[in-house]
Every structure is written in C-alpha cells, then in structure tokens.
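The values are calculated or read from the model by the stated rules, or taken from the named source; none is laboratory data. All of these numbers come straight from a predicted model, not from anything done at the bench. Quick reminder, even Gly has a Cβ in these numbers, built from the backbone with ideal geometry, and neighbours come from all protein chains shown. Accessible surface areas use protein heavy atoms only, side chains included; no ligands, DNA or RNA. Shrake-Rupley method; radii C 1.70, N 1.55, O 1.52, S 1.80 Å.
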Amino acid sequence: MAKADAIVVVGVGARTPLGFDAASSAAAVRAGISAIQDHPYLTDRFGQLMKVTRDAGVPAELQGADRVVEIAFSSALEALRPLLGSGYTAPISLILSTGEPRPGQPEGFASKISAALRKQLSQHVMLEGGGSTAGGHAGGLLAIHHACKSLREGKARFCLAGGADSYFDLETLEWLDDNEQLHSEGNVFGFCPGEAAGFCLLTTLPTAREFGLTPLLEIVGTSTAAEENRIKTKSVVLGEGLGAAFQFLFRDGPIDPVDRIICDMNGERYRGNEYGFAVLRNPGRFRDAADFETPADCWGDVGAASGPLFVSLVSEAVARDYQKGPLSLIWTSSENGARATVLLGAPGKRI
C-alpha cells in the first residue's frame, strides 16, 4: 500500500502524430504503428525527403509558438477532464516544459507558449503558480519532478505538469540536418523529428479522495542528475549522469526490480551507449534491462513531450490490464546534460 501522503496521477492527456488523445496514441504504439513519413518538400543533405512525423490536425502553415500551443491545449484539457467532471474546483499550478533553445525555437519560446496556454486554459480552470522552462527531452519529467516537490511542500493542491514540443520548423529541421542528426538511408543513426504534447494532473492521495478522483498511477519516486559528457561533443559518455539519476531514484524506492522501462532513445548511438553504462552502474534493479521500449520508433522524437507521454502509456496499460508488472521506470535525456527519471506504481498493487 502507498503512504497516506503519496502523490498520484489522476489525469493524463496526450496528442501525438499517432492520435489526438491518450487512448488512441497508446493503442497505436502498442500495435507498433509508425507515423514516420516523408516531409512534403524539404530534402536532406543526401537529396532525399526528410523523414518526419507531424500532427495531421494542425495546418502546416501554422508555425512557431502558435503551433505548439495548438498541440498542447487539447492534451492539457484532456488531463484536466477528471477534475472538470468532478463538480469541484481548486487552483491548479501549471508547470510546462518545451524544447531547448535552438534555431526555430529561440530564447523566451517556453514562456511565450506558457502564457498563451494559460490564457486558453483559464477559460476552463483556475490557474495559480507554476512556471515554464526550455528543458529539452528531460523537460517533461523535470516538470513532473518539480510538481511533486510543490505538492509535498504544500505549495499546491493540484499540479498540471507537461511538455510540448515541435521540430516541424524549417530552421529547426535544417539545423538538425547540418548537425547530421536526421535519420535517413545515408545516416541510420539519426532520428525522425516529430511533435507532440503530454500532460499529467497530479495531486496527493488524500486530495484525490477528497475530490472523489480515481488514482491512475502512483508517483513512487522522481530523480534528476546532470551529465558532463554531453552529446555532440568530443567527450565519451560513460552513463555517469543517467546512472546517478537511477541511483537517486532507487535509493529510497522499493527493493522490487523494475518491470517495465520506457525511454526516449531515438536511434542516436550516444543514447544507447549511455543507457548501457547506466544499467551497469545499477545491477540487480531491472527485471530485464534489455527489454526496454522506445516509442520514438512510432511517433518520432517528440522532445520535451516524451516523459509525460510515457506516463500516459503506462496509465493506459494499467487501465486496460496489459501492464507487465507494478513498477515502471521512465527516463529521458536532454542535450544540455539534464537527466530525469520517474518510477511509477500501478494503483492496484501500491495504492
């Protein structure tokens, strides 16, 4: 059983190139459906159309912050639906992450998206506190980490934590191509850039009971760390940052081995090497460390949205009774060196 003050997930929302909500996106990933397609017109350095994934419901001409907000709003509202349907109202702290500063996503991008999203969501709920950051791949899990901290410290009763990202920008795609990061026949160790948004509504177990909300998952633990030997540098990664994040997570966690692993590996060699070394630094903590899932194979690399989307995958698996076991580990890795992990527990086993 979970502690009386456990932090629980009471709502999830997702919008991906595979589906406009959490259920359809999870079903498509489970079926192994791929949304990867040729870009309508952009070619890479090999003269081939770039391989991308995109949200078919958003017009191609909608770009920049407006595009990300369009993707983020419906997934944020989906995560809020259980509270909206409860008949109760309470202030909600919104914590949002977007991709790291890059061509096509300049400094101040995250705060611009956050302001626009807050304006739209304020028509449905009362928002109070929170913040935004350009955290990159680890950003969504960092948002969950900070949300848990706020809940534990009593600074908020509900936190809407999420990530939203889009690589579907001319400058961004050309920059990735210049950095030799795009996947193609000529570069098999690149990735397919995508766009998506994922959100989780978090609260404490007592508050969930007070509001009549059903816990979907328990946040068993969160951790963060930093990697000095970053990708796109001449240094050699030995998994020190991710390994430390795992150690911090397991230090106060249950002794049972992890049943399921979902991560943001996207085809780049660096990420696979990092994970391998991180596992070696944490022997005995995984039921099968080689049995990990990489949803980027289906919906593409979705950057800061990755972590919250992984939470929705676990939530759907638990709800539909195809989860591998009670403990799921999700982890993400930013180019800036940030590493973030979350350990999730199935409510039937831990709550």
Candidate set: the range 125-180, residues that are within 17 Å of D301 (Cβ to Cβ) and aromatic (F, W, Y); chosen: the one surrounded by the fewest Cβ atoms within 10 Å (Cβ to Cβ): W175
Those residues of the range 236-270 which are closer than 22 Å to V311 by Cβ and aromatic (F, W, Y), in sequence order: F246, F248, F250
Top-ranked residue in the range 210-252 [being assigned to a strand (DSSP E or B) and more than 30 Å from S86 (Cβ to Cβ); ranked as most open to solvent (accessible area, probe 1.4 Å)]: A226
Candidates G198, G190, filtered to the one that is surrounded by 19 or more Cβ atoms within 10 Å (Cβ to Cβ) and closer than 18 Å to A134 by Cβ: G198
Complete set of residues in the range 253-283 that are open to solvent by 70 Å² or more (accessible area, probe 1.4 Å), assigned to a loop (DSSP other than H, G, I, E, B) and touching a residue at least 24 places away in the same chain (Cβ under 8 Å): D256, R281
Residues of the range 49-70 classified as part of a helix (DSSP H, G or I) and of a type in the set (K, R), total: 1
Test set (1) part of a loop (DSSP other than H, G, I, E, B); (2) at pLDDT 95 or above; (3) surrounded by fewer than 18 Cβ atoms within 10 Å (Cβ to Cβ) - G325 fails condition number: (2)
Unmet criterion (only one of (1) touching a residue at least 12 places away in the same chain (Cβ under 8 Å); (2) open to solvent by 30 Å² or more (accessible area, probe 1.4 Å)) for P59: (1)
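So which residues in the range 113-124 are surrounded by fewer than 19 Cβ atoms within 10 Å (Cβ to Cβ) and either touching a Pro at 6+ places or on another chain (Cβ under 7 Å) or in contact (Cβ under 8 Å) with a residue 40 or more places away in the chain (or both)? I'd like the intermediate steps shown before the answer.
Going residue by residue through the range 113-124, those that are surrounded by fewer than 19 Cβ atoms within 10 Å (Cβ to Cβ) are 115-116, 118-120, 122-124.
Across the range 113-124, the qualifying residues are A116, Q120, H124.
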Failed item in (1) open to solvent by 50 Å² or more (accessible area, probe 1.4 Å); (2) hydroxyl-bearing (S, T, Y); (3) farther than 30 Å from G129 by Cβ; (4) touching a residue at least 12 places away in the same chain (Cβ under 8 Å), with Y88 passing the rest: (3)
Some residue of the range 292-299 being in contact with a Pro (Cβ under 6 Å, 6 or more places away or on another chain), in contact (Cβ under 8 Å) with a residue 24 or more places away in the chain and within 28 Å of Y167 (Cβ to Cβ): yes
